[in-house]
1. Show the residue pairs that are 6+ apart or on different chains and have beta-carbon atoms under 6 Å apart, the first residue being within the stretch 333-351 and free of Cβ contacts under 8 Å to residues at least 24 places away in the same chain, the second being open to solvent by 20 Å² or more (accessible area, probe 1.4 Å) and not in a helix (DSSP H, G or I).
2. Within the stretch 352-368, can you find the residues that are more than 18 Å from Met175 (Cα to Cα) and either among the acidic types (Asp, Glu) or within 16 Å of ligand 2 (Cβ to nearest atom) (or both)?
3. For the stretch 90-104: of the residues being touching a residue at least 40 places away in the same chain (Cβ under 8 Å) and away from ligand 1 (no atom under 16 Å from the Cβ), which is nearest to the chain's Cα centre (by Cα)?
4. Restricting attention to the stretch 481-503, does a residue exist that is closer than 22 Å to Gly308 by Cβ and not in a helix (DSSP H, G or I)?
5. Go through the stretch 61-168 and tell me which helices (runs of 4 or more DSSP H), entirely inside it, have 1 or more residues that are of a type in the set (D, E, K, R), in contact with a Gly (Cβ under 7 Å, 6 or more places away or on another chain) and within 26 Å of Tyr243 (Cα to Cα).
6. For residues that are among the β-branched types (Val, Ile, Thr) and surrounded by 15 or more Cβ atoms within 10 Å (Cβ to Cβ), scanning just the stretch 480-501, find the one that is nearest to His549 (Cα to Cα).
7. Ile289 is checked against (1) within 16 Å of ligand 2 (Cβ to nearest atom); (2) buried (at least 21 other Cβ atoms within 10 Å of the Cβ); (3) within 30 Å of Ala24 (Cα to Cα) and fails just one. What number does that condition carry?
Amino acid sequence: MVLDKVNSPADLKALSEDELLALAEELRSEIIRVCAQNGGHLASSLGAVELVVALHKVFDSPRDRILFDVGHQAYAHKILTGRKEVFHTIRQEGGISGFTKVSESEHDAITVGHASTSLANAVGMAIARDTLGEDYQIVSVIGDGALTGGMALAALNVIGEQRRKMLIVLNDNEMSISENVGALNRFFKELQVKKWVQDTEKWGRGVLETISPKLFNLVDRAKEAAKLVLHQENPFYAWGVRYVGPVDGHNLKGLVHLLHELKELDGPTILHIVTQKGKGYTVAEADPIYWHGPPGFNPDKPEKVSKGYSWSAAFGDAVTELAHLEPRLFVITPAMREGSGLVRYSQTHPARYLDTGICEDVAATAAAGMALRGLKPVLAIYSTFLQRAYDQVIHDIAIENLDVVLAVDRAGIVGGDGATHNGVFDVAYLRTVPNVQIAAPKDALELRAMLKEALRRGGPVAIRYARDNVERVAEGSWPEIEWGRWEVLKEGSKAYVLTFGKTLKYALEAAGDNPEVGVVNARFLKPLDRELLEKLALEGYKLVTVEDHQKMGGFGSAVLEALGELGLKPDLRVLGLPDQFFDHGSIPRMHREAGIDAAGILEALAQMGVRVREVG
Ligand SMILES: CC(=O)c1sc(CCOP(=O)(O)OP(=O)(O)O)c(C)[n+]1Cc1cnc(C)nc1N
Ligand SMILES: [Mg+2]
């Protein structure tokens, strides 16, 4: 195997063109083999194989810095940069990250997982390089999806103004996770058509030149004039970035040749390559959406597997029905149609659906605009990606107390995607914002009740739910809910565990049939149910708060603040995630480590003198 001869990118320099082609196929096979056992970002990484081989053939990592935007397409990069022996551990407990990560390898230029950051990183690196009088190349690989992100477009503005030497490789496969969206995406498609025109024109030139050189010159001059106009249409022209392309991103020989040329150019250059997401694996080519991030599969007989009925699906079903009951409902997603359970909704209510591309800030403020003009927007957004729209929630939604519902998915530790994707800050960063209310349903019925009541009451409401499965409920189920009131799920004679969402199951497990321990579904995090909290404290119950969220600033902090204002000091333990990041791995193991699982709750109760069964 050629890969046996490659232990670092330097080893690619000696490889022949044929060996590079063979290496690309070996990389593809290894990516398929490992994704089959671990799951992972298969289609994106398959589509970038030739690009990664060509980059490491032409540039000298780690001296030259190669950045991967999002970092999910970098599996070949990981294998080529000294991690082939551990590649099989990717996204696993104790294994390597599914994204590039600075602390993992000197070849990983940036730590990522969120999109659209690589260009801002790159221009910062270029300024550092030039300021320190150093000399190395900076290459940023960014997908067409990531380029829809505001950070990326704003960074281009700085790059064009700075005019420092750097290469941007736009990996255009016309896909985000779903089909890509946006005006730029449409422009790229037209460019590819123009490419077809260029190729035809090249053939025409040849014919013309043989018939009449004079006529050929006339046509040539006209074409140059046209090109000037066309070129000025090219947005990269406005950004002051030299544009080259579009070229075939799977033509390894052509890429190597072109990259050698481009690395000599001064100033910023963008190379637009066209690739196929899932390239080289039939099922992934045919359905790059499912095979963007599949769970494990049989590599010889790859089949889609259902991941069960998730909170996202329950949300999607609820809004699909709600849209019939509330004609002003409008649902927005920042490029997460599948992840947020909105495929069916987007098909049944296309006129009341918007995919903004990967720009959560625009999505949030567009929701504000919709609310200002009479719609009832629901922004479906992962907790971690809502971080990208924090100022928009404050500045554009909360100050005017607008009717915007935030359907906050993936709340809590998420597992394989790791620290960049955990949804563990939203309670803290939302509850400090005046007018914003926060709810956390325990099941699909409560989710429906909360969505419907939130739309009826108005104002900014965040409804958060975990990356987990949930019991499906019948269509047309629209229970009522007493807004702001918690729910006693189990009475206790000595202590109560106050928790919500994913950690409710741990509380019920810990309480079991112990008559001393009660459980409260604290489903409203802002406002708290201060009446019940005060009652429990005044009656002398020991209290334990639990959350799959940072302890600092979370639900437990809110309870402490409320008890302080009430002048009450019950025996209280706050269980939450410690002040650290949690990398990829097993969710139950991380919950155990954080002490927010049943064992952790039992330990806390025992420390408070509550008679509990042996900590299992
Ligand atoms: C991994 C992850 O969370 C991905 S990968 C991806 C599509 C990227 O499309 P691109 O065209 O850049 O790359 P391609 O897959 O090669 O086509 C999205 C939307 N996401 C979710 C997402 C959403 N929002 C933000 C800010 N960051 C991320 N990473
Ligand atoms: Mg793409």
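1. Ser346/Arg337; Ser346/Tyr353
2. Start the filter on the stretch 352-368 by keeping residues that are more than 18 Å from Met175 (Cα to Cα), which leaves 352-353, 361-368.
Across the stretch 352-368, the qualifying residue is only Asp361.
3. Kept after step one, since they are touching a residue at least 40 places away in the same chain (Cβ under 8 Å), are these residues of the stretch 90-104: 90-95, 97-99.
Add one more test, that the residue is away from ligand 1 (no atom under 16 Å from the Cβ), and what stays is 92-95.
Details: Gln92: 18, Glu93: 20, Gly94: 21, Gly95: 20 Å.
The selected residue is Gln92.
4. Here is the first cut: in the stretch 481-503, the ones closer than 22 Å to Gly308 by Cβ are 500-503.
Right, trim to not in a helix (DSSP H, G or I) and you get 500.
Looking through the stretch 481-503, at least one residue is closer than 22 Å to Gly308 by Cβ and not in a helix (DSSP H, G or I).
5. Numbers: elements: 75-78, 118-131, 150-162.
Filter on the stretch 61-168 gives 150-162.
6. First pass over the stretch 480-501, keeping only residues among the β-branched types (Val, Ile, Thr): 481, 488, 497, 499.
Cutting the leftovers down to surrounded by 15 or more Cβ atoms within 10 Å (Cβ to Cβ) gives us 481, 497, 499.
On the way: Ile481: 24, Val497: 16, Thr499: 11 Å.
Among those residues, the one meeting the criterion is Thr499.
7. (2)
Residues are listed down the side, and each one gets a yes or a no for (1) outside the structural domain of Val241 (by TED's automatic domain parsing); (2) within 23 Å of Ser45 (Cβ to Cβ); (3) within 16 Å of ligand 2 (Cβ to nearest atom):
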{"position": "Glu93", "(1), (2), (3)": "no, yes, no"}
{"position": "Thr111", "(1), (2), (3)": "no, yes, no"}
{"position": "Ile127", "(1), (2), (3)": "no, no, no"}
{"position": "Gly143", "(1), (2), (3)": "no, yes, yes"}
{"position": "Ile168", "(1), (2), (3)": "no, yes, yes"}
{"position": "Asp172", "(1), (2), (3)": "no, yes, yes"}
{"position": "Met175", "(1), (2), (3)": "no, yes, yes"}
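The values are calculated or read from the model by the stated rules, or taken from the named source; none is laboratory data. Only a predicted model underlies this, so the values are computations on that prediction, with no experimental measurement involved. Neighbour counts run over all protein chains shown; Cβ positions are idealised from the backbone, glycine included. The area values use the complete protein model at the heavy-atom level, side chains included, leaving out ligands, DNA and RNA. Shrake-Rupley method; radii C 1.70, N 1.55, O 1.52, S 1.80 Å.
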